[in-house]
1. Placing one identical point scatterer on every Cα of the chain and ignoring solvent, what is log10 I(q)/I(0) from the Debye formula at q = 0.16, 0.18 Å⁻¹?
2. Excluding Leu133 itself, calculate the net charge of residues whose Cβ lies under 14 Å from the Cβ of Leu133, where each Lys or Arg counts +1 and each Asp or Glu counts -1.
3. Under the definition of Cα pairs under 8 Å and six or more residues apart, what whole-number percent is the relative contact order of the range 53-114?
4. Take each complete run of DSSP H in the chain, measure how far its Cα atoms stretch along the helix's own axis, and keep only those covering 24 Å or more with mean Kyte-Doolittle hydropathy at least -0.5; list them.
5. Let a ≥ b ≥ c be the square roots of the eigenvalues of the Cα gyration tensor of the range 78-176; is it rounded (a/c under 1.5), or, if not, prolate (a/b larger than b/c) or oblate?
6. Would you calculate a helix-derived [θ] at 222 nm for the chain, using -39,500 (n - 2.57) for each DSSP H run of n ≥ 4 and dividing by the full residue count, to the nearest 500?
7. Listed here are the pairs Lys87/Lys146; Lys9/Lys146; Lys87/Lys205; which of them are more than 30 Å apart at the Cα?
8. Give the calculated FRET efficiency between Phe61 and Leu128 to the nearest 0.05, with a Förster radius of 30 Å applied to their Cβ-Cβ distance.
Amino acid sequence: NPTWTAYEKAITELEGGVATIAFSSGMAAIAAIFGTTLKAGDRLVMPSDAYYTARMLASGFFQTLGVEVQLAPTAGSAQRDYLEGPKLLWLESPSNPNLDVCDIALLVEAAHAVGALVVVDNTTASCLGQQPLSLGADYSLSSDTKVTTGHSDLVLGHITVRDNSLADKIRAWRTQMGAIPGPMEVWLAHRSLHTLDMRIERHGKNALTVAEVLASRTHVKGVR
Ligand SMILES: *Cc1c(COP(=O)(O)O)cnc(C)c1O
């Protein structure tokens, strides 16, 4: 579909990768990563504070299929202590909803040293705020339902890779599982990219103003 191709090309440029595969939702993109990398007996290391539905898919459906799921917090890059032979390291930084962060480059290096693939769920930062592929990750994943498109008028996701062989597997998964986005949604998403830079700048300014007000109040115990 030419509308997908145009959107995927634009996202690939922003992510600094070689190929993007658009999905019908962020969860469809997440399922595609699990489905194309994990089989019975494989180990997945994932943040204990990762997006709730992603954790439920891993510790529900995929654990039932025989995948071993190890959880560790995002804060303090705690997943580094659990890198004994995982097939896949899952990162989400900043995490949703607690906004903890980890050192992506450090964790990628440690994971690659033991032969693991690394995916970053980059939904919260968006591809303009952070480029996980430039930090060494194999996959940058996003729910484009959120910051990327920002108008609350569509549901969409994407995966961008640095290696075309990973892209082929994901594209085949999308076709066979039917996790294809509608062309209208993709067109709306492409339109939304025109305001991404301005929206991110305004998000940051607004959030900082709110954070400063809250931090100045004595009855507020903590601000993330
Ligand atoms: C919302 C969200 C998802 C899931 O995206 P949908 O498009 O709603 O399926 C995945 N990861 C994170 C971090 C999210 O915030």
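Read the figures in this text as sums done on the coordinates, not as results from a lab. If you're wondering where the values come from, they're calculated on a predicted model, not measured in any experiment. Reconstructed Cβ throughout: ideal geometry from the backbone, glycine too, with neighbour counts over all protein chains shown.
1. Computed log10 I(q)/I(0) values: -1.10, -1.34.
2. Numbers: positive: Arg162; negative: Glu13, Glu15, Asp121, Asp138, Asp163.
For residues surrounding Leu133, the net value is -4.
3. Details: 47 pairs, mean separation 18.4, N = 62.
Value for the range 53-114: 30 percent.
4. On the way: long enough: 196-215 (28 Å, 0.02).
Span-like helices here: 196-215.
5. Working: a/c = 2.13, a/b = 1.24, b/c = 1.71.
Oblate.
6. Numbers: 8 runs with 91 residues, N = 224.
That comes out to -12500 deg cm²/dmol.
7. Numbers: Lys87/Lys146 28 Å; Lys9/Lys146 19 Å; Lys87/Lys205 39 Å.
From the list (Lys87/Lys146; Lys9/Lys146; Lys87/Lys205), the Cα-Cα distance tops 30 Å for Lys87/Lys205.
8. On the way: r = 32 Å, r/R0 = 1.07.
Step by step, r from the Cβ atoms, then E = 0.40.
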